[in-house]
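**Student:** Structure in structure tokens, see below.
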Amino acid sequence: MSKARKIYKTESGEVVYGVMAEFDSPAALTHGAEKVRDAGYTKWDVYSPFPVHGMEEAMGLKNNMLPLITGVVGLGGAGVGYLFQWWVTTQGYATIVQGKPFDAFQPWVPVTFEIGVLFTAFTALLGMFAFNALPMWYHPLLKKQRFLRVSDDRFVICVEAGDPKFDPDRTRELLEKSGGKQFDFVEE
Amino acid sequence: MSAIHPDEITAGRLDGSYKPDRPIAMDPATGDGTLIDDPSKRPPLVLNNRSFHDITEIVCGYCEQRPGGWWLPVFGLVSTLAGVGTLMIIYLLVTGVGVWGLNNQVDWAWDITNFVFWIGIGHAGTLISAILCLLKQKWRTSINRAAEAMTIFAVVCAGTYPGIHVGRVWMIWMVFPIPNANAIWPNFRSPLLWDVFAVSTYFTVSLLFWYMGMIPDFATLRDRAVLRLKNASGPTVVPFIQLRQDTLRAWIYGLLSMGWRFSTRHWQNYEKAYIMLAGVSTPLVLSVHSIVSFDFATSILPGWHTTIFPPYFVAGAIFGGFAMVLGLMIPARELYPNMKDLITLRHLENMAKIILVTGSMVGFAYFMEFFIAWYSGNQYESDVFVYNRMMPPFLAEMFGLSRGAPYWWAYWIMISCNVISPQVFWMKRFRTSPLAIFIVSMAVTVGMWFERFVIIVTSLHRAFLPGEWGMFFPTAVDIITFIGTIGIFITLFLLFLRFLPAFAMSEIKNVLPQANPHPPHADHH
């Protein structure tokens, strides 16, 4: 980091986390997000009570590694499950069952599959938490009474003060031009 | 805008003028307006033009407000049944499996019947949430949460039976591959062990799927509680102590929501993880009942040793599961305010169609078992179907056959409930009538229980050697334990309706017409 983050304070002397604006509808929100994206901001986010269709493109978000990681861990889990059954049946506790060969792979298929599914499911959920930095039970936005209505029916864009392009007046102006209403500073 | 509260509905609620329970206009042609036959017209998924806020109010209202007067008596009854059932299980544990009616010939009876019955019921939830999700069936959003909850509770009931039927219950841990002093490992070539892995994986993955879907809704409940606390309103937990219900809600729902804040960056990962869970749950749900059927199909007992079992069991599980979903949701939508807005006649009709399809598949499988028993020329196989299952003794006498099937009535209950009763759904009048659907779904539930009873007991009671033939008669403990699991199931379901978000709010909001960011006639924004 070449430049230290500039700290902004509200009139009451509290550090500013960002500036938030409300939007009327999913369409207005998408439109606003496109404007903020085109203005070159990087540290900002869109908040909506449900995932708005096409918002990833409107925000310019890129895909991450979650599906790949989940796939690899799932297949790895299935492999570990297979090897474990092989070890138990042929090495650890080789017992004659109906005179069948010890290393027949067919009876191991169901358990291999189930273990693969188990690993995939845990990786998908825990990976989602990890990529989202959750659990995070404290967040400046969650202190904002007006923000809590997002979980009901409000649509909000919040540009964070940590963004290199952030400026209290100009950012607010941009949000206003993009169709935002009800501006508010969010305190850290 | 009102003086009491900026939000119209909340203000109306506070001064008592808001009447949330709006009646639904019924139309002779389209029912509640959703039974449109014209494929070019999209029937509404939610009725009464509900706003996003209405959805929040309706769904959160189910767990924030006191339920109707019916709730407590019903809860008292079913939790008593659950308690008595638990006492029966304790009695079994301290006495032994001899308290059941099992004997040397019929050594699996109601225990495994109930296990397969419950695990089958558990299949509709994951089918609705996973397969219908992958198929982009938007109507699933208003039934998936309750169906998933039902899955979890059914698997809880199912899992009880293998645990307690083993005789030496204190050895049950040996089904898991746990390192032990004797260096004994489980036999991975046994279908019973596959079953352990299938059922425990199914339970775990269903639980993860269910929980993950509820995270945003927990956050909604948390935020509403926090907002009410800021206004210092709302009832306290016990009189005279300043602990508000909303404090508990903010804490518990807040903890469960993991600090969810509805960020699009989060939604992006969330949707990916959700679709991946749906992707692995789809083969999982098909595998679980297949593996349960292997318990029977890999044995050499006539009546069990059949390759049709895996698809037949899966179809039967979906059939029985949907019947149970309907059996629970039809009374619920009568009892809870506004639930008919979310679960429309169209939803019921769609599910009735699935019952018709899967019921016909099950009927085809019954027929196919007969056909193959005859076509294979296997004497033992055909004897099971004729002399163990189908032929009533009085008809056998009439035809001059040596004997009839003592359990013929169980077989014919199964056929009439599972194959014949759903056929009424060919007629639109029946598949759009909640009462008719409820009656059929109850019949199907009974029929599916008898299907498992027929498969297990009638195959076992007369196998190869006439010298070991016997009969099975349930004891009171058998019967009360089964009623007890029904009690456990409904108790858990009532608690779910009372304390957890019974509908996937964020998903329902997403399928409302106003959620579309590119509405068809809004090119001038």
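**Student:** Looking at this structure, is B:Thr141 surrounded by 16 or more Cβ atoms within 10 Å (Cβ to Cβ), more than 27 Å from B:Tyr312 (Cβ to Cβ), within 14 Å of chain A (Cβ to nearest Cβ) and polar (S, T, N, Q)?
**Tutor:** Yes.
**Student:** Residue by residue through segment B:262-274, note down the ones that are within 7 Å of chain A (Cβ to nearest Cβ) and either surrounded by fewer than 23 Cβ atoms within 10 Å (Cβ to Cβ) or in a helix (DSSP H, G or I) (or both).
**Tutor:** Result: B:Ser263, B:Thr264, B:Arg265, B:His266, B:Trp267, B:Gln268, B:Asn269, B:Tyr270, B:Glu271, B:Lys272, B:Ala273.
**Student:** Restricting attention to segment B:88-103, report how many residues are touching a residue at least 60 places away in the same chain (Cβ under 8 Å) and either hydrophobic (A, V, I, L, M, F, W, C) or within 19 Å of B:Phe489 (Cα to Cα) (or both).
**Tutor:** Total satisfying the criteria: 8.
**Student:** Could you list, in sequence order, the residues of segment B:208-225 that are surrounded by 22 or more Cβ atoms within 10 Å (Cβ to Cβ), of a type in the set (A, V, I, L, M, F, W, C) and within 8 Å of chain A (Cβ to nearest Cβ)?
**Tutor:** B:Phe209, B:Ala219
**Student:** While we're here: Pick from segment B:401-414 the residues that are among the hydrophobic types (A, V, I, L, M, F, W, C) and not in a helix (DSSP H, G or I): which of them is farthest from B:Arg462 (Cα to Cα)?
**Tutor:** B:Leu401
**Student:** Take segment A:144-168 and flag every residue that is in a strand (DSSP E or B) and either among the charged types (D, E, K, R) or out of contact with any Pro (no Cβ under 9 Å at 6 or more places or on another chain) (or both).
**Tutor:** Residues satisfying the conditions are A:Val156, A:Ile157, A:Cys158, A:Val159, A:Glu160.
**Student:** Turning to a different aspect of this structure: Hey, any hits in segment B:65-83 for a residue that's surrounded by 14 or more Cβ atoms within 10 Å (Cβ to Cβ) and not in a helix (DSSP H, G or I)?
**Tutor:** Yes, some residue in segment B:65-83 is surrounded by 14 or more Cβ atoms within 10 Å (Cβ to Cβ) and not in a helix (DSSP H, G or I).
**Student:** What's the number of the only condition in (1) within 14 Å of another protein chain (Cβ to nearest Cβ); (2) within 30 Å of B:Arg498 (Cα to Cα); (3) aliphatic (A, V, I, L, M); (4) free of Cβ contacts under 8 Å to residues at least 40 places away in the same chain that B:Ala130 fails to meet?
**Tutor:** (4)
**Student:** For the structure I just gave you, tell me whether A:Tyr41 is over 29 Å from B:Met214 (Cα atoms), more than 22 Å from the chain's Cα centre (by Cα) and aromatic (Phe, Trp, Tyr).
**Tutor:** Taking the combined requirement at face value, the residue does not satisfy it.
**Student:** Would you tally the residues in segment A:130-160 being on the phi < 0 side of the Ramachandran plot, out of contact with any helix residue (DSSP H, G or I) (no Cβ under 7 Å at 6 or more places or on another chain) and more than 7 Å from chain B (Cβ to nearest Cβ)?
**Tutor:** Total meeting the criteria: 9.
Here's the yes/no breakdown for (1) at pLDDT below 95; (2) under 25 Å from B:Ser293 (Cβ atoms):
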residue	(1), (2)
B:Gly400	yes, no
B:Gly404	yes, no
B:Ile413	no, yes
B:Phe450	no, yes
B:Arg462	yes, yes
B:Pro466	yes, no
B:Ile480	no, no
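**Student:** Within 9 Å of chain B (Cβ to nearest Cβ) and out of contact with any Lys or Arg (no Cβ under 8 Å at 6 or more places or on another chain): is that true of A:Pro101 in this structure?
**Tutor:** It is false that A:Pro101 is within 9 Å of chain B (Cβ to nearest Cβ) and out of contact with any Lys or Arg (no Cβ under 8 Å at 6 or more places or on another chain).
**Student:** Among the numbered conditions (1) part of a loop (DSSP other than H, G, I, E, B); (2) of a type in the set (Ser, Thr, Tyr); (3) within 12 Å of chain B (Cβ to nearest Cβ), tell me where A:Thr90 comes up short.
**Tutor:** Failing condition for A:Thr90: (1).
**Student:** Being within 18 Å of the chain's Cα centre (by Cα) and at the interface with chain A (Cβ under 7 Å from one of its Cβ atoms) is the filter here; which residues of segment B:275-299 pass it?
**Tutor:** Passing the criteria: B:Leu284, B:Ser287.
**Student:** Moving on. Across segment B:495-510, which residue is nearest to B:Leu72 (Cα to Cα) among those that are among the hydrophobic types (A, V, I, L, M, F, W, C) and within 9 Å of another protein chain (Cβ to nearest Cβ)?
**Tutor:** B:Met505
**Student:** Let me ask something else. Pairs only if they're at least six apart or on different chains, beta carbon under 6 angstrom, first in segment A:108-123 and within 7 Å of chain B (Cβ to nearest Cβ), second crowded, with 24+ Cβ neighbours inside 10 Å and not in a helix (DSSP H, G or I); list them, first residue then second.
**Tutor:** The qualifying pairs do not exist here.
The values are calculated or read from the model by the stated rules, or taken from the named source; none is laboratory data. Source: prediction; values computed, not measured. Every residue, glycine as well, gets a Cβ built from its backbone with ideal geometry; the counts of neighbours run over all protein chains shown.
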